[in-house]
Amino acid sequence: MSVKGKLLFYGGAFLVILAGFYFFLFRGTDNWKSKLPVISYVKPFQFVNQAGDTVTQNQLAGKVYVANYFFVTCTGICPNMNGKLKTVYEAYRNEPGFAILSHTCQPEVDSIPMLKHYADSIGADGKQWQFVTGNKLELYKMARESYHIDDPTNNVGDIKDQFMHSQFLALVDRQGRVRGIYDGLKQKEVDALKEDAAGLLKEKDRGNFVNNIFGNSPQ
C-alpha cells in the first residue's frame, strides 16, 4: 500500500473511532434532546371534556400536547386559530403520543353539548383533540400561571367580569413542561410548532409531570 493509501486508511479509521467515541459519550446525556427552553411547569388541573369525561394532568403525562383557549360562538380570532390548529391535528392524528387540549374561555356559556357539537363540526377526534370546560377561575389561572398565554396582570377585579381572548398556543412536553408559545394566527409560527412538536415526540422522557416545589418557574 502506498504512503498516500495508508494515510487515507488510517485517517478514515480515526474518524470512525472518533465518531464512535462521541456516540458513546453523549448517548446517555441531554445532548440528544430538544434544545427548546423550559418556560414553565403545568400545574395540576381537572376539567371536563366534550364527552362529559374528566380530564386531568395525569391523563396527559407522557404525551406532547398543545393547549389553547377559545369560545364556541367566537367569530373573530377563534375560527382562524382553530383552523390552523387543525393542520397540526391532521399532521399528528396518527401519533398516540400527541394531543390537543382546547379550553373554553366562556364556561358560563359553552356547555358540554355545545363543545361536543363544535368538536364534531370541525371534525375533531374526541380522544386526541379534547375541548374542555370547568371552573372559570381555574381555567383562567391555567392560562396565566401554567401556559403563560395570557398576561397575569389581567387578573384584576371579579373573575365573573373578566374575559380572556388569547390567540396563543402553548406546546407542552411529556413531562408537563411548557417548551414553546406560538401565535396561532400566523402560519409560520404554527409551522414552527409542528417542527418543535416533532422534536419533543422524539424525546424518551415519560412518566408523571414535573413537580417544581419552588413554584412554576424553571429552575
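The values are calculated or read from the model by the stated rules, or taken from the named source; none is laboratory data. Keep in mind that what you see is a predicted model, and the values were worked out from it rather than measured. Here the Cβ is made from the backbone with ideal geometry for all residues, glycine too, and neighbour counts use every protein chain on show.
Here are a few things to note about the model shown:
- Filter result for Gln128 (within 18 Å of the chain's Cα centre (by Cα), in the same structural domain as Phe47 (by TED's automatic domain parsing), surrounded by fewer than 21 Cβ atoms within 10 Å (Cβ to Cβ) and under 18 Å from Ala51 (Cα atoms)): yes
- Of all positions in region 146-162, none carries a residue that is of a type in the set (Phe, Trp, Tyr) and free of Cβ contacts under 8 Å to residues at least 60 places away in the same chain.
- Pairs are defined by a Cβ separation below 9 Å, a sequence spacing of at least 6 or placement on different chains, a first member in region 108-122 that is at negative phi and of a type outside the set (A, V, I, L, M, F, W, C), and a second member that is in a helix (DSSP H, G or I) and surrounded by fewer than 16 Cβ atoms within 10 Å (Cβ to Cβ); the pairs so defined are Glu108/Lys160.
- Looking only at region 66-116, and only at residues there that are surrounded by fewer than 16 Cβ atoms within 10 Å (Cβ to Cβ) and hydroxyl-bearing (Ser, Thr, Tyr), the one that is farthest from Tyr182 (Cα to Cα): Ser111
Matching residues to (1) at pLDDT 95 or above; (2) among the hydrophobic types (A, V, I, L, M, F, W, C); (3) in contact with a Ser or Thr (Cβ under 6 Å, 6 or more places away or on another chain):
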| residue | (1), (2), (3) |
| --- | --- |
| Tyr89 | yes, no, no |
| Tyr92 | yes, no, no |
| Ile100 | yes, yes, no |
| Ile112 | yes, yes, no |
| Lys116 | yes, no, no |
| Gly126 | no, no, no |
| Val132 | yes, yes, no |
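- Check on Ser146, crowded, with 21+ Cβ neighbours inside 10 Å, at pLDDT 95 or above, touching a strand residue (DSSP E or B) at 6+ places or on another chain (Cβ under 7 Å) and not aliphatic (A, V, I, L, M): yes
- Filter result (part of a strand (DSSP E or B) and in contact with a helix residue (DSSP H, G or I) (Cβ under 7 Å, 6 or more places away or on another chain)) within region 42-53: Val48
- Candidates Ser102, Ser40, filtered to the one that is in the same structural domain as Asp196 (by TED's automatic domain parsing), touching a Lys or Arg at 6+ places or on another chain (Cβ under 8 Å) and among the hydroxyl-bearing types (Ser, Thr, Tyr): Ser40
- Given (1) touching a residue at least 60 places away in the same chain (Cβ under 8 Å); (2) in contact with a Cys (Cβ under 9 Å, 6 or more places away or on another chain), number of the condition Glu138 does not satisfy: (2)
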